[in-house]
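Chemist: Structure provided below as structure tokens; questions to follow.
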Amino acid sequence: MSVIRLIVGGATGKTGAEVVRYLAAQGDLQVIGAVGRLQAGRDLGAVLSVPSLAGVAISGSVSQVAAEADIYLDFTLAEAAVSLAMEALARDLRLLIGTSGLDARSVSLLASEASRRNLAMAVIPNFSIGAALQRRMALELGRRYGRVEVVEGHHRTKRDAPSGTAKDLMSALEALGVEAAVHSLRLEGLVARQEAWAGGPGEVISVIHEVTSRQAYGAGVAMAARQLMGASGFFSSLAELCPALGPGD
Ligand SMILES: NC(=O)c1ccc[n+]([C@@H]2O[C@H](COP(=O)([O-])OP(=O)(O)OC[C@H]3O[C@@H](n4cnc5c(N)ncnc54)[C@H](OP(=O)(O)O)[C@@H]3O)[C@@H](O)[C@H]2O)c1
């Protein structure tokens with residue numbers, strides 16, 4: 001079994017930490033380095049209380065990580081992700097970006113550098129497998145009813161609105177010629193919830209997906225990392241990168 005080695009930016013953040021805990025339990029995936037500011041210089045295993053990660057250093061930047069890797073995974077913040085990803089490309093690492101709110105210009109800058117270096121790259125607004133299935137169902141609603149309205153709700157500290165997941169669904173619906181609208185809620189008590197609504201004469205239908213804990217993202221990240229190793233080009237959703245989830249569009 002060949003092992004996929006990852007450097008994780010934001011490994012001590014709320015999402016990064018849950019994802020790293022999941023990855024640490026996978027035999028074929030190995031977190032060999034972490035990037036963060038406040039905990040730089042500390043041991044990731046000690047910070048996250050995961051014994052199998054003992055010896056993995058937290059560095060202040062991707063270029064400071066000593067060990068060789070295959071993939072750079074980013075769960076930082078939009079303003080940090082682009083320069084960290086550029087450092088990763090300079091090290092010839094494939095990119096798996098989970099951070100949301102990157103502007104189109106930055107994504108296209110990263111994509112052209114990745115393509116110049118012949119490295120696969122994915123910017124995935126939602127790593128949850130349930131969310132990928134909801135996306136497929138929402139596209140089906142669009143095909144049948146011609147109009148879909150999406151209500152997405154997140155915790156109050158989420159900076160971007162609409163969410164990257166909702167924006168991705170909007171573009172996929174519009175590409176199918178479906179009318180689409182999005183409404184955003186930012187409320188205490190919510191983690192991440194998205195409901196896609198459609199209606200026809202005498203009926204309405206909605207498909208709900210809700211993340212109740214950030215544990216939801218680990219399996220999708222692992223699936224994406226495995227798929228990225230044999231892939232080439234640019235991917236903008238989990239479903240696009242992982243054919244097992246079906247493109248739906
Ligand atoms: N794609 C998905 O499925 C998905 C799911 C959930 C969240 N997200 C996105 O993931 C991102 C992180 O969310 P979160 O809630 O986990 O945020 P968070 O708890 O604030 O974590 C952010 C992490 O990034 C690190 N960081 C920030 N700036 C940095 C820099 N300049 N250099 C190095 N590290 C830096 C922080 O480290 P320090 O504290 O040490 O600075 C922290 O570990 C957000 O964009 C969020 O929308 C995506």
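Chemist: At a 10 Å Cβ-Cβ cut-off, how would you order 182, 8, 123, fewest neighbours first?
Modeler: 182, 123, 8
Chemist: If you take every DSSP beta bridge fully contained in the stretch 129-213, what fraction is antiparallel? Give it as a percent rounded to 5.
Modeler: On the way: 15 of 23 bridges.
Rounded to the nearest five, the antiparallel share is 65 percent.
Chemist: Can you classify the stretch 127-249 as rounded, prolate or oblate using the Cα gyration tensor, where a ≥ b ≥ c are the square roots of its eigenvalues, rounded means a/c under 1.5, and otherwise it's prolate if a/b beats b/c and oblate if not?
Modeler: Numbers: a/c = 1.94, a/b = 1.20, b/c = 1.62.
Because a/c hits 1.5 or more and a/b fails to exceed b/c, the stretch 127-249 counts as oblate.
Chemist: Mind checking the log10 I(q)/I(0) for the stretch 92-150 at q = 0.15, 0.27 Å⁻¹? Debye, one equal scatterer per Cα, no solvent, two decimals.
Modeler: Listed by q, the Debye log ratios stand at -0.63, -1.02.
Chemist: If you don't mind, there's one more thing I want to ask. Relative to the present Cα-Cα distance, how much length would full extension add between residue 78 and residue 232 at 0.36 nm per residue of separation?
Modeler: Here the segment from residue 78 to residue 232 would lengthen by 53.1 nm.
Chemist: I want the antiparallel fraction of DSSP beta bridges within the stretch 1-134, as a percent rounded to 5.
Modeler: If I count the DSSP bridges inside the stretch 1-134, around 5 percent turn out antiparallel.
Chemist: What is the distance in Å between the Cα centroid of the stretch 109-147 and that of the stretch 151-183?
Modeler: Measuring centre to centre over Cα atoms gives 12 Å.
Chemist: Distance from a point 7 Å along Cα→Cβ of residue 42 to each backbone N in the stretch 55-86: keep the residues under 14 Å and list them by number.
Modeler: From the stretch 55-86, the list is 55-60.
Chemist: With a point put 7 Å past each Cα toward its Cβ, work out how far residue 3 is from residue 54 in nm, to one decimal.
Modeler: Modelled inter-label distance: 1.6 nm.
Chemist: Semi-axes of the stretch 1-58's equivalent ellipsoid from the Cα gyration tensor, sqrt of 5 times each eigenvalue, largest first, rounded to whole Å?
Modeler: For the stretch 1-58, the ellipsoid semi-axes come out as 18, 11, 10 Å.
Chemist: Here's another thing I want to ask about it. Going by a ≥ b ≥ c, the root eigenvalues of the Cα gyration tensor, does the stretch 42-135 fall in the rounded group (a/c under 1.5), the prolate group (a/b larger than b/c) or the oblate group?
Modeler: oblate
Chemist: Using DSSP, restrict attention to beta bridges with both residues in the chain and report what percent are antiparallel, rounded to the nearest 5.
Modeler: Numbers: 16 of 45 bridges.
Once the DSSP bridges in the chain are tallied, antiparallel ones form about 35 percent.
Chemist: For a quick check: sort 203, 195 by the number of other beta carbons within 10 angstrom, fewest at the front.
Modeler: Placing the least packed residue first, the sequence is 203, 195.
Chemist: Gain in length, residue 90 to residue 185, computed as 0.36 nm per residue apart minus the alpha-carbon separation, to one decimal in nm?
Modeler: Contour length minus the Cα-Cα distance gives 30.4 nm.
Chemist: What's the exposure ranking of 152, 79, going from fewest to most Cβ atoms within 10 Å?
Modeler: Fewest to most other Cβ atoms nearby, the residues stand as 79, 152.
Chemist: Can I ask one more? In nanometres, what is the gap between the two model label sites at residue 61 and residue 175, each 7 Å from Cα along Cα-to-Cβ?
Modeler: My value for the distance between the label points is 3.5 nm.
Chemist: I need two numbers for the chain: Rg to one decimal and Dmax as a whole number, Cα atoms only, in Å.
Modeler: Cα radius of gyration and Dmax of the chain are 18.2, 62 Å respectively.
Chemist: Also, I was wondering about something else. Quote the relative contact order of the stretch 4-123 in percent (integer), defining contacts as alpha-carbon pairs under 8 Å separated by 6+ residues.
Modeler: 23 percent
Chemist: Continuing with this model, one more query. Taking a label point 7 Å from the Cα of residue 113 along the Cα→Cβ vector, which residues of the stretch 67-107 have an amide N closer than 11 Å to it?
Modeler: 81-93, 106-107
Bear in mind that the values in this text are calculations on the coordinates, not laboratory data. On a predicted model such as this, the values are computed, not experimentally measured, just so you know. Every residue, glycine as well, gets a Cβ built from its backbone with ideal geometry; the counts of neighbours run over all protein chains shown.
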